[in-house]
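The values are calculated or read from the model by the stated rules, or taken from the named source; none is laboratory data. If you're wondering where the values come from, they're calculated on a predicted model, not measured in any experiment. Cβ coordinates were reconstructed from backbone atoms using ideal geometry, including for glycine residues, and neighbour counts include every protein chain displayed. Remember, those area values only see protein heavy atoms, side chains included, never the ligands or the DNA or RNA. Shrake-Rupley method; radii C 1.70, N 1.55, O 1.52, S 1.80 Å.
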Amino acid sequence: MKVLLLKDPKDKESGPDPYVKELGLYGFEATLIPVLSFEFVSLEGLFEKLSHPECYGGLVFTSPRALEAIKICLRENSKNEVEEIGLCPQGEKSGNAEKLAEYICSREGPHSSPLLFPCGALKREVLPTALKEKGIPLESLTVYQTAQHEHLQQSLSSYFSQQGVPASIVFFSPSGVKFCLQHIQKLSGDFANRIKFAAIGPTTAEAMEAAGIPVSCTAESPTPQDLTAGIQKALRPQNCILSE
């Protein structure tokens with residue numbers, strides 16, 4: 001069965017994309033289509049803040065792009081051409097902003113140093129609001145902006161014309177829903193109701209539901225293993241729409 005993953009591929013240096021690899025272990029033929037493009041902003045301001053670590057109690061990341069912005073910022077400004085920043089992550093298994101906020105609140109107090117939160121222009125306010133209610137200082141800084149990938153429409157058209165309608169389509173972000181939905185509906189036509197739509201997490205699932213997309217499964221955590229398990233369950237014969 002074919003699965004369309006609406007996400008950027010993993011860095012080539014890191015080997016095969018883990019989602020494609022995991023799905024392949026269970027007989028799924030997965031294809032990646034990049035949905036988003038990113039423009040990094042405010043890197044000088046970010047470097048200025050990073051130059052004064054004594055002013056912050058820690059860094060908060062909710063997207064790989066924010067971490068990438070840190071790396072770019074350090075490479076451009078550091079004489080040592082820093083390649084890896086060597087952070088020791090905590091709370092990485094939280095899975096969503098609500099759970100991450102709970103984790104941070106369990107460790108930080110209202111009188112602690114502010115946490116620096118590099119984020120995107122489209123960030124949700126769940127995390128900042130939750131921390132503010134607990135009196136935990138958080139300093140947000142927009143370090144990247146999100147736009148539709150320039151080749152998205154062409155890539156989707158090529159996929160559907162060459163591969164046909166997939167058994168499942170996975171959304172990895174609310175922005176992916178926004179940019180892809182109209183194209184997918186047009187390309188899949190009357191076969192759209194046969195597709196099992198999956199979400200990488202609850203935030204994306206909410207965006208799908210708000211757009212009128214039936215969510216067949218949501219990964220329990222944003223990992224290849226949990227996503228694959230969810231797709232397997234959604235595509236079991238008793239859950240499939242059969243036709244002659």
task = Within the stretch 166-176, identify whether any single residue is of a type in the set (Val, Ile, Thr), free of Cβ contacts under 8 Å to residues at least 40 places away in the same chain and farther than 30 Å from residue 53 by Cβ, and answer yes or no.
result = no
Complete set of residues in the stretch 160-197 that are within 19 Å of residue 234 (Cβ to Cβ) and of a type in the set (Ser, Thr, Tyr) = 168, 188
Cβ-Cβ under 8 Å pairs, at least 6 apart or on other chains, the stretch 25-47 side at positive phi, far side open to solvent by less than 60 Å² (accessible area, probe 1.4 Å) = 42/141; 42/142; 42/143
inquiry  = Could you tell me how many of the residues in the stretch 25-52 are surrounded by 15 or more Cβ atoms within 10 Å (Cβ to Cβ) and assigned to a helix (DSSP H, G or I)?
reply    = 5
ask   = Which residue, of 127, 116, is part of a helix (DSSP H, G or I) and aliphatic (A, V, I, L, M)?
value = 127
query = Taking the stretch 133-154, which residues are more than 22 Å from residue 46 (Cβ to Cβ) and free of Cβ contacts under 8 Å to residues at least 40 places away in the same chain?
reply = 133, 134, 135, 153, 154
key: Members of the stretch 156-177 that are part of a helix (DSSP H, G or I) and either open to solvent by less than 40 Å² (accessible area, probe 1.4 Å) or modelled with pLDDT under 95 (or both)   = 156, 159, 160, 174, 175, 176, 177
ask   = For the stretch 100-155, what are the residues that are open to solvent by less than 30 Å² (accessible area, probe 1.4 Å) and small (Gly, Ala, Ser)?
value = 101, 109, 120, 130
Residues of the stretch 207-244 classified as among the charged types (D, E, K, R), open to solvent by 90 Å² or more (accessible area, probe 1.4 Å) and modelled with pLDDT of 95 or more, total = 2
